[in-house]
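> Sharing a structure, written as structure tokens. Questions coming.
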Amino acid sequence: MDRKKEIQGHLFSLFTIFIWGTTFISTKILLKAFTPIEILFIRFVIGYFALLALYPHRLKLKERKQELYFAGAGLCGITLYFLLENIALTYTFASNVGVIISIAPFFTAIFAHLLLAGEKMRAQFFIGFAVAVGGIFLISFNGSSQLKLNPMGDILAVLAAVVWAIYSVLTKKISGYQYHTISVTRRIFFYGLLFMMPVLFIFKFEPDIGQIIKPVNLFNIIFLGFGASAICFVTWNYALKILGAVKTSVYIYMVPVITVITSVLILHETITGTAVIGILLTLAGLFISEIKLPARNQNK
């Protein structure tokens, strides 16, 4: 792999995770005025039209069967992942969901090894995974928090991690078709919104226009729609194309770290010593998973 492109892939991954790690602030503010499904649908509608404005070219598929991969990516990465995560939060603690979602790279590694060429499972990935999850556990359950099992919510969170792993594998497969990344992302958004339509009738979807146009709400909706959805899904998909599903997915470990740091800087929340140790362990796990070990000398 070209070294310059590889560095570019890591930078895109870091940028994406930094933005995704701060989205909880916007979502927390918007939940005062909107339901989760309203926030979800509106942000991806904005994302879709933002991508259309950025690159208004129609994607012409080389083969009809490729449409199934786009539909699957939209269903898994947009509709199912966010719905499962949001519903899980209504049954269990946010700390439980945070830890469980962090196992997504584990499922990604398994699916990629089984379904994609060139995605090998390395021992250092599993060592890094164990160290990072230990760190994320400390970040999520520091202080007086306790781990309490809530079967329904925890199972939904596991399913969310699984469908994100499937999304990562499908997107890596799609990247092999050599289409423009913005066109690819926009088509995935289209299917995500399409599969979301029936859910709008099941859950309450009655967004208040008066609430939408309030400056604080409008800013956060645009941030989620244009920044966290349109821009970040493009940069994430581009990183997947360069680095592969496994190497890109381990950056998910950084989300709780970014969340803690931004909560201290923006919401002025306190950080405990336990959380600091957790952050260091998580970063160490990421480093272990990503570092390239020197090849063994075969001519001893």
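The values are calculated or read from the model by the stated rules, or taken from the named source; none is laboratory data. Predicted, not measured: the structure shown is a model, and the values here were computed from it. Quick reminder, even Gly has a Cβ in these numbers, built from the backbone with ideal geometry, and neighbours come from all protein chains shown. Quick note on the areas: whole protein, heavy atoms, side chains included, nothing else; ligands and nucleic acids left out. Shrake-Rupley method; radii C 1.70, N 1.55, O 1.52, S 1.80 Å.
> Kindly evaluate residue 29 against the criterion of being out of contact with any strand residue (DSSP E or B) (no Cβ under 8 Å at 6 or more places or on another chain), modelled with pLDDT under 95 and either within 30 Å of residue 282 (Cβ to Cβ) or open to solvent by less than 80 Å² (accessible area, probe 1.4 Å) (or both).
Considered against the rule, which asks whether it is out of contact with any strand residue (DSSP E or B) (no Cβ under 8 Å at 6 or more places or on another chain), modelled with pLDDT under 95 and either within 30 Å of residue 282 (Cβ to Cβ) or open to solvent by less than 80 Å² (accessible area, probe 1.4 Å) (or both), residue 29 comes out as yes.
> Same structure again: Filter the range 207-223 down to the residues that are open to solvent by 60 Å² or more (accessible area, probe 1.4 Å), touching a residue at least 12 places away in the same chain (Cβ under 8 Å) and not in a helix (DSSP H, G or I) and list them by number.
208, 214
> Same structure again: Could you say whether any residue in the range 190-197 is of a type outside the set (D, E, K, R), crowded, with 24+ Cβ neighbours inside 10 Å, in contact (Cβ under 8 Å) with a residue 40 or more places away in the chain and under 19 Å from residue 78 (Cα atoms)?
Among the residues of the range 190-197, at least one is of a type outside the set (D, E, K, R), crowded, with 24+ Cβ neighbours inside 10 Å, in contact (Cβ under 8 Å) with a residue 40 or more places away in the chain and under 19 Å from residue 78 (Cα atoms), which makes the answer yes.
> Based on what the data block shows, is residue 181 of a type in the set (Ser, Thr, Tyr) and open to solvent by less than 30 Å² (accessible area, probe 1.4 Å)?
yes
> Now for a separate question. So, residue 35, is that one polar (S, T, N, Q) and in contact with a Lys or Arg (Cβ under 9 Å, 6 or more places away or on another chain) or not?
The answer is yes for residue 35.
> Taking the range 34-54 on its own, how many of its residues are of a type in the set (A, V, I, L, M) and buried (at least 18 other Cβ atoms within 10 Å of the Cβ)?
7
> Specify which of the listed residues (100, 87, 78) is under 18 Å from residue 254 (Cα atoms) and part of a helix (DSSP H, G or I).
Answer to the selection: 100.
> Checking residue 47 against (1) over 17 Å from residue 212 (Cα atoms); (2) in a helix (DSSP H, G or I), only one condition comes out false. Which one?
(1)
> Which of the residues that make up the range 225-251 are buried (at least 24 other Cβ atoms within 10 Å of the Cβ), under 24 Å from residue 34 (Cβ atoms) and not polar (S, T, N, Q)?
Correct list: 230, 233.
> Could you check, for the range 66-87, whether at least one of its residues is closer than 20 Å to residue 184 by Cβ, surrounded by fewer than 19 Cβ atoms within 10 Å (Cβ to Cβ) and without any contact (Cβ under 8 Å) to a residue 24 or more places away in the chain?
Yes - at least one qualifying residue is present in the range 66-87.
> Hey, among the residues in the range 100-124 that are over 19 Å from the mean Cα position of the chain (by Cα) and under 12 Å from residue 289 (Cβ atoms), which one's surrounded by the fewest Cβ atoms within 10 Å (Cβ to Cβ)?
Within the range 100-124, the match that is surrounded by the fewest Cβ atoms within 10 Å (Cβ to Cβ) is 123.
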